[in-house]
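Comments concern the structure below.
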Amino acid sequence: MGKITIEPFQMDYSEDYYNAFTEEITKYQWPDPFENLTEAKELLESFLDEAEHGETILLSALSEKGEFIGSSEVHGLSEECPEIGVWIKASEWNKGYAYEALKAALDLACEKYGKTEFFYEADVRNIGSMKLLRKFENDYEIIDQGIEKITTDSGKKLELKGFVLKARK
């Protein structure tokens, strides 16, 4: 397993983010790939603005060579149970990077913002995301919130299973 670096997202990585956020990545997610780089930059700028106001954490996962390979996020930090998410580009799957990236975001939310509960949602068909959740069982009580079947604005049919992660500390 290689070593990755997790650091606050910088707009220098916006083109890499755009290029890696593909149909394969978004297959079981609400968002779709961006229409263009401008759209990606606008969304990322809004996340960075939210981060500046203590509402969002947006982190970059970087390879040993410093290449952008994905991101982890915490949204809604002013709420009792903010939402967490992570994605890693397809070529880097199954290397433990999603766990490292999400753990860094969770640790930061706990340490800097005092958060102890988080909402995690993934499509039941996304085996990697379901396995990832189980890696947090030692540190978090994982409470199943059931499945919601939805159709996105673009017509994707999702079976989203929600979980609340409660810190065991």
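Brief remarks on what is shown
- The listed residues are ALA51, ALA20, ALA90, and the only one of them that is in contact with a strand residue (DSSP E or B) (Cβ under 6 Å, 6 or more places away or on another chain) and not charged (D, E, K, R) turns out to be ALA51.
- When the residues of the range 1-54 are filtered to those that are of a type in the set (S, T, N, Q) and outside any loop (DSSP other than H, G, I, E, B), the one that is surrounded by the most Cβ atoms within 10 Å (Cβ to Cβ) is SER14.
- Considering the range 150-160, and only residues there that are crowded, with 16+ Cβ neighbours inside 10 Å and either hydroxyl-bearing (Ser, Thr, Tyr) or in contact with a Ser or Thr (Cβ under 9 Å, 6 or more places away or on another chain) (or both), the residue that is nearest to ASP32 (Cα to Cα) turns out to be LYS156.
- Pairs meeting the criteria (first residue in the range 126-144 and among the aliphatic types (A, V, I, L, M), second residue in a loop (DSSP other than H, G, I, E, B), beta carbons under 8 Å, at least 6 apart or on different chains) are MET130/VAL124; ILE142/PHE136.
- Selection of the range 15-65 for residues being of a type in the set (S, T, N, Q) and within 21 Å of TYR113 (Cα to Cα) yields SER46, THR56, SER60.
- Meets criteria (within 22 Å of ILE143 (Cβ to Cβ), of a type in the set (D, E, K, R), assigned to a helix (DSSP H, G or I) and out of contact with any His (no Cβ under 9 Å at 6 or more places or on another chain)) for LYS103: yes
- Considering residues of the range 150-169 that are part of a strand (DSSP E or B) and charged (D, E, K, R) only, the residue farthest from the chain's Cα centre (by Cα): LYS157
- Verdict on VAL164 being farther than 25 Å from GLU55 by Cβ and touching a Phe, Trp or Tyr at 6+ places or on another chain (Cβ under 9 Å): no
- Identity of the residue in the range 114-149, in a helix (DSSP H, G or I) and of a type in the set (Lys, Arg), that ends up surrounded by the fewest Cβ atoms within 10 Å (Cβ to Cβ): ARG134
- Among the residues of the range 55-92, just one is under 17 Å from LYS3 (Cβ atoms), part of a loop (DSSP other than H, G, I, E, B) and without any contact (Cβ under 8 Å) to a residue 40 or more places away in the chain, namely LYS65.
- Restricting the range 60-113 to residues that are among the polar types (S, T, N, Q) and under 14 Å from PRO8 (Cβ atoms), the residue that is surrounded by the fewest Cβ atoms within 10 Å (Cβ to Cβ) is SER60.
- Lone qualifier among SER63, SER78 - being within 24 Å of GLY162 (Cα to Cα) and over 15 Å from the mean Cα position of the chain (by Cα): SER78
FYI, it's all coordinate maths here, none of it is from the lab. Note that the structure is predicted; figures quoted are calculated from it, not measured. Reconstructed Cβ throughout: ideal geometry from the backbone, glycine too, with neighbour counts over all protein chains shown.
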